[in-house]
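Single-structure report; data block below.
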There are 2 protein chains.
Amino acid sequence: MPAASNPSAVVLLSGGMDSAVTLAQARADGMSCHALSFDYGQRHRVELRCAALVAAHLGCVAHKVVSLDLRAIGGSALTSAQEVPKDRPQPGADQSQIPATYVPARNLTFLSLAVAHAEVIGATSLYIGVNAVDYSGYPDCRPEFIASFERTANLATRAGVEDGAPHFRVVAPLITMTKAQIIQRGLALGVDFAMTTSCYDPLVDAAGAPLACGHCDACLIRIRGFEGATVADPTRYIGGAA
Amino acid sequence: MPAASNPSAVVLLSGGMDSAVTLAQARADGMSCHALSFDYGQRHRVELRCAALVAAHLGCVAHKVVSLDLRAIGGSALTSAQEVPKDRPQPGADQSQIPATYVPARNLTFLSLAVAHAEVIGATSLYIGVNAVDYSGYPDCRPEFIASFERTANLATRAGVEDGAPHFRVVAPLITMTKAQIIQRGLALGVDFAMTTSCYDPLVDAAGAPLACGHCDACLIRIRGFEGATVADPTRYIGGAA
């Protein structure tokens with residue numbers, strides 16, 4: 001457990017690989033970590049079970065789950081009955097084509113709530129596992145968004161105003177890494193990827209654990225990542241193999 | 001009702017005076033208005049009833065209420081058991097003292113969800129009734145926050161990226177007005193202030209309508225506004241008078 005004097009960080013934790021590695025990095029950076037997850041109407045809600053496992057395994061001092069019904073907003077295959085695209089030839093390769101799994105303004109909203117949480121608990125660092133290399137072309141994963149959000153957060157809050165100097169910093173340690181590099185980093189930091197889930201359209205086994213579809217963009221990028229890292233993929237797929 | 005060809009706007013609607021006048025202004029600007037409210041665990045949840053009345057009265061094409069449990073975040077007298085300050089001598093006068101009713105990063109979060117909604121429905125204008133004159137000193141009511149948020153929103157979204165040019169604009173028509181000016185503007189635009197509620201700590205009558213406490217910052221600023229505008233105050237107070 002981190003000492004009480006360690007600086008506190010809010011870490012956005014989805015239950016996926018990238019946020020797990022980000023949390024492990026925050027711990028390695030000496031942070032006392034408060035994980036934050038969202039029950040937002042996602043079809044892959046089983047990821048919250050994974051987030052809880054990861055938070056405990058990596059020694060978070062707290063893990064909060066905030067309810068926010070993004071189904072009321074809609075506009076995404078992840079929060080509606082719209083089908084999740086499957087077996088796209090090169091997911092993430094053409095980043096001018098933002099796929100149907102894009103959730104409008106999701107990182108903007110999640111980071112905003114992370115700022116709120118950070119302000120309440122007195123944390124100044126916000127960790128987020130966005131990645132602008134092996135990703136789905138989501139605009140809110142790019143460095144220019146992260147930098148602009150950080151400026152806005154410091155103008156939006158009591159803590160930001162009372163400090164004078166920028167109070168919050170947004171840390172995106174994976175932003176320029178490939179998926180294979182993220183996996184290598186995670187293994188070096190003690191992440192157990194079997195606890196994580198990436199699939200946008202999973203089933204759940206009798207014990208409540210996820211079974212990945214193996215065909216959505218998130219699965220394809222994850223599979224390619226393990227191949228690139230030459231590491232065995234611990235993911236459990238529907239039918240036993242992707 | 002606006003013609004289908006009118007540009008669409010998302011208008012943040014709390015049920016209070018300022019957002020009602022902002023909505024009336026958006027209608028006067030020729031907008032087809034989609035009102036957006038939040039059921040966020042606020043102790044003055046009765047404001048949502050007022051928001052529905054105002055949305056209907058001012059001809060919104062739709063009114064959406066999104067659930068978001070900010071009690072999980074806490075840090076505010078509005079979302080916790082913490083007491084709402086009463087009878088402060090000059091609420092809003094000392095803007096270096098942000099009061100206990102500040103909700104961490106509330107406008108940042110609400111605007112983020114407004115961007116999400118706007119992206120889904122194809123609206124490019126976001127109206128918000130923030131005011132940096134007769135207000136409680138909240139940092140997220142200041143022009144510099146609004147301008148920075150607008151830049152961030154355009155970097156955060158598919159619509160912002162695909163457009164190249166800035167896609168979303170945040171309109172804050174009341175930001176430099178006094179409360180008395182806001183009331184005068186509202187009356188000129190047909191707002192019925194009896195439909196609105198400002199109180200942070202209201203009771204509710206047998207019919208479900210709010211009765212204002214008359215002593216919280218929001219009540220004191222509202223009362224002073226009606227006095228300044230030399231307009232009769234239609235608010236119903238607990239006990240019959242403030």
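Just so it is clear, none of the values below were taken in a lab; they were calculated from the coordinates. Since this is a predicted model, take the numbers as computed values, not measurements. Positions of Cβ are generated from backbone atoms using ideal geometry, with glycine treated the same way; all protein chains shown enter the neighbour counts.
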Taking chain B as a Gaussian network, where each spring joins two C-alpha atoms under 10 Å apart, which residue of B:Ala232, B:Ala156, B:Ala114 fluctuates the most? B:Ala232
What ranking do A:Glu83, B:Glu119 get, fewest neighbouring Cβ atoms within 10 angstrom at the top? A:Glu83, B:Glu119
With θ set to phi - 60°, apply the Karplus curve 6.51 cos²θ - 1.76 cosθ + 1.60 along segment B:55-72 and write out the HN-Hα couplings as whole Hz, x wherever there is a Gly or Pro. 4, 5, 4, 9, x, 5, 7, 7, 9, 10, 10, 9, 8, 7, 8, 6, 5, 5
Using Cα atoms only, what is the angle between the long axis of helix A:143-156 and the major principal axis of chain A, expressed in degrees (0 to 90) to the nearest 10? 40 degrees
What angle do you read, to the nearest 10 degrees and between 0 and 90, between the alpha-carbon axis of helix B:217-229 and the longest principal axis of chain B? 90 degrees
Non-local amide H neighbours of A:Asp39 (under 5 Å, H modeled in plane, Pro and chain starts lacking H): which ones? A:Val66, A:Ser67, A:Leu68
Would you please give the FRET efficiency between A:Gln97 and A:Ala147, computed as 1/(1 + (r/R0)^6) with r the Cβ-Cβ distance and R0 = 25 Å, to the nearest 0.05? 0.55
Taking H placed 1.01 Å from N in the peptide plane, check which residues at least 5 places from A:Ser32 or on another chain put their amide H under 5 Å from its amide H. A:Ser8, A:Ala9
In whole percent, what relative contact order does segment A:8-197 give with Cα contacts below 8 Å and a gap of six or more residues? 28 percent
Binning every alpha carbon pair distance of segment B:114-242 at 10 Å from zero, what are the percents per bin? 12, 33, 28, 20, 7, 0
Beyond 24 Å, what share of the Cα-Cα pairs of segment A:8-197 is found? Please give it as a whole percent. 37 percent
Take the alpha carbon gyration tensor of segment A:172-218, find the square roots of its eigenvalues, order them as a ≥ b ≥ c, and report rounded if a/c is under 1.5; if not, report prolate when a/b exceeds b/c, else oblate. oblate
Which residues' amide hydrogens lie under 5 Å from the amide hydrogen of A:Tyr237, considering only partners 5 or more residues apart or on another chain, with H built in the peptide plane? A:Ala212
In whole Hz and in residue order, list the ³J(HN,Hα) couplings for segment B:37-50 that follow from phi through the Karplus curve 6.51 cos²θ - 1.76 cosθ + 1.60, θ = phi - 60°; x for Gly and Pro. 10, 10, 9, 10, x, 5, 5, 9, 4, 4, 4, 5, 5, 5
Loop-located trypsin sites (Lys or Arg not before Pro) in segment B:32-72, at most 15 other Cβ atoms within 10 Å (DSSP): B:Arg45
A correct Kirkwood calculation over the Cα atoms of segment A:60-155 returns a hydrodynamic radius in Å of 15.2 Å
Rg ratio (alpha-carbon, reference 2.2 N^0.38 Å) - segment B:6-46: 1.25
Take every DSSP beta bridge with both residues inside the protein assembly as shown and express the antiparallel ones as a percent of the total, to the nearest 5. 15 percent
Sorted by Cβ neighbour density within 10 Å, fewest at the top, the residues B:Met17, B:Met31: B:Met31, B:Met17
Packing-based exposure ordering (other Cβ within 10 Å, fewest first) of B:Ile146, B:Ile121, B:Ile73: B:Ile121, B:Ile146, B:Ile73
For segment B:14-19, Karplus-derived ³J(HN,Hα) couplings (6.51, -1.76, 1.60; θ = phi - 60°; whole Hz; x for glycine and proline) come out as 8, x, x, 5, 5, 6
